[in-house]
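Notes to accompany the following structure.
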Amino acid sequence: MPSSIMTSEREYIPTTQSDDLKNNEKVNVSLHQVSTELSNSDYDSSTNNLTWLQKIVRFLEVKQEDSTNEKSRSIVETFLYNDDLRPVEKERRTWSWKQYVYFWVAGAFNVNTWQISATGLQLGLNYWQTWICVWVGYTFVSVFLVLGSRVGNIYHIAFPISSRIAFGTYFSVWIILNRVVMACVWMSTLSYLGGVCVQLMLKSIFGNNLNTRIHDTISDKNLTNFEFLSFMLFWIVFLPFLWVPPHKLRYVFAVKSAITPFAAFGFLIWTLCKAKGHLALGSLSDSNTTTISKATLAWSVIRSIMSALDNFSTLILNAPDFARFGKSSKSSVYSQLIAIPILYAVISLIGILSASAAYTIYGVNYWSPLDILSRYLDHYTSGNRAGVFLISFAFAFDQLGANLSGNAIPAGTDMTALLPKFINIRRGAYICTCISLAICPWDLMSSSSTFTTALSAYAVFLSAIAGVIFADYFIVRKGYINIYHCYSNKPGSYYMYNKWGTNWRAVVAYLFGIAPNFAGFLGSVNVVVPMGAMKVYYLNYFIGYLVAAITYVVLVYFWPIDGVPEGSKLFDFTNWVGHEEWVEVEEFGLQRAAFEMYGEVELKERQLDSLEEGVN
């Protein structure tokens, strides 16, 4: 299988993946020399002769630890390679299958999962139909997520780097921006849910009429002063957690994994007791006389299944961000493939049963557990107040942890790929949190239909990206990646494609993946479109993913790309396993510097010279 390394004339010649990474002992012969030459570069680290503006810029720069000298690197240099996006070395690859299970335990038990599971009930399905849809939906999720995480697991690279492979070194910026925008939206949404938990906590302490006692001056029908106050309180409490380095947040996630399941099961038992064990086992339609046709029922089933995929569209895309920490090539495969459907089915069943029990009490189909808790405060007894406060506190802490793991840290990671000269993971997380204030989640969360419509809209764009990445890695490249090229913009680099650093085949396939769903997307925002377009839109993730993947494969068939296994045909998968190789990336910074500075030919000559000198 070919790989490409540069000669001293900056031309690329074929070699093998083993030459690139496995035989590190050969490369290490000259690594000390590389480090010495780079550190002796002509650079004055003093700031005495700088202008005040240059001093400010120097102060704002992110200090790169994994650097071979003290030079203030350019924006392009830090974009190509920086500390936060370097491949994960063995010391930091500490996730076994257990860690992935714990990760999804912490991720599954949150208010948002309850709301997604209740989508089927809102569409007219009964409890068992809804639960089957949950199982099917999250089984698809686990498959897509494992496929998306493979490149990160094997080559230890994050999503911002893996996106360069299919879309090109520079066009990947647009792909990363899509993920950043989604992280900001979800940050705002989960913060608002945390704010609702704060509302319940305050009401349980200061009175159920606290929202009316605080004078309302906001004209938005979906927001009051009290609700905005609670939202800001949660937001302010959340800020200090962003300062903690990601690897030290494991204690937060451990506590979250411990207390949230107890709160969830406690809430279910409490609700069942209040309903005296009675459940609404049929459809929870507000009108008991309403029946739906078989066609409507079928589309309700499809939309309920798709809600799980829409909910996971962001995590499927940036799966390499957490798969790169896997200890082995199987660490992130079977654990996630099995754990995700089971865990999300369990928490969804709690949500379904709670909504069904609450329906027998109040006659209303509540899609959020927080709405049910709010009704408990209608009877303002000491027991109800204590129960609502404790469960709301656990749910608020759950939203905080979910925001850290699912939005703040991924957004910070992505932003390090956009402007790493000035942004690291911590700064990116704070920027994402500040942007979340400019979004209006109270309008997004006003109803289940609005919420699921928004999720579908996001999936239109993200599914097409995921489809292209899947086709490029599994079908076109058959698992072969040269990670040196992932961090290079030299002419001839596999993932530069051209001087614009853009793979036009991937861009065209991406647009084709969006096109079938776009009419339905317009219909979702109240533009009049044919019903057929809406039905296509209801299948948005599958349509976008498959159309983009097929289009990309067809384009590569007629316009081949470099960096694929030597001698392999596009649809020949007989030696697929042999092309995908687990790599070790110890001292990758120096190895990459040698690759960029000398190229393989000159580097080998230096190695031979060093060996000969040693013999003499």
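No value in this document is a laboratory result; all are computed from the given coordinates. Given the structure is predicted, the values throughout are model-derived calculations rather than measurements. No Cβ is skipped: glycine too gets one built from the backbone with ideal geometry, and neighbour counts run over all protein chains shown.
Values for this structure:
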{"read-out": "Segments 293-303, 107-117 sorted - mean Cβ within 10 Å per residue, highest first", "value": "107-117, 293-303"}
{"read-out": "Debye equation applied to the C-alpha atoms of segment 87-445, log10 I(q)/I(0) at 0.06, 0.08, 0.15 Å⁻¹", "value": "-0.23, -0.41, -1.36"}
{"read-out": "Estimated distance in nm for a label pair at residue 92 and residue 571, the labels positioned 7 Å out from Cα along Cα-to-Cβ", "value": "4.2 nm"}
{"read-out": "Rounded to whole Å, sorted largest first: equivalent-ellipsoid semi-axes of segment 288-415, Cα gyration tensor", "value": "33, 24, 13"}
{"read-out": "Peptides 457-467, 211-221 ordered by average Cβ neighbours within 10 Å, highest first", "value": "457-467, 211-221"}
{"read-out": "Gain upon complete extension [residue 329, residue 276; 0.36 nm per residue less C-alpha separation]", "value": "14.2 nm"}
{"read-out": "FRET efficiency for residue 434 and residue 522, using Cβ-Cβ distance with R0 set to 25 Å, rounded to 0.05", "value": "0.20"}
{"read-out": "Order of 484, 598 under a 10 Å beta carbon neighbour criterion, fewest first", "value": "598, 484"}
{"read-out": "Relative contact order [Cα under 8 Å, 6+ residues apart], segment 87-445, whole percent", "value": "41 percent"}
{"read-out": "Distance (nanometres) between label positions extended 7 Å along Cα→Cβ at residue 508 and residue 177", "value": "2.3 nm"}
{"read-out": "Phi to ³J(HN,Hα) by Karplus 6.51 cos²θ - 1.76 cosθ + 1.60 over segment 269-278, Hz, x for Gly, Pro", "value": "4, 4, 5, 5, 5, 5, 7, 6, x, 8"}
{"read-out": "Packing-based ranking, highest mean first, of 180-188, 471-479 given that Cβ atoms within 10 Å are counted", "value": "180-188, 471-479"}
{"read-out": "Pairwise centroid distance, computed over Cα atoms, of segment 293-363 with segment 377-397, Å", "value": "27 Å"}
{"read-out": "Summed residue charge, Cβ within 15 Å of residue 193's Cβ, Lys/Arg positive, Asp/Glu negative", "value": "-3"}
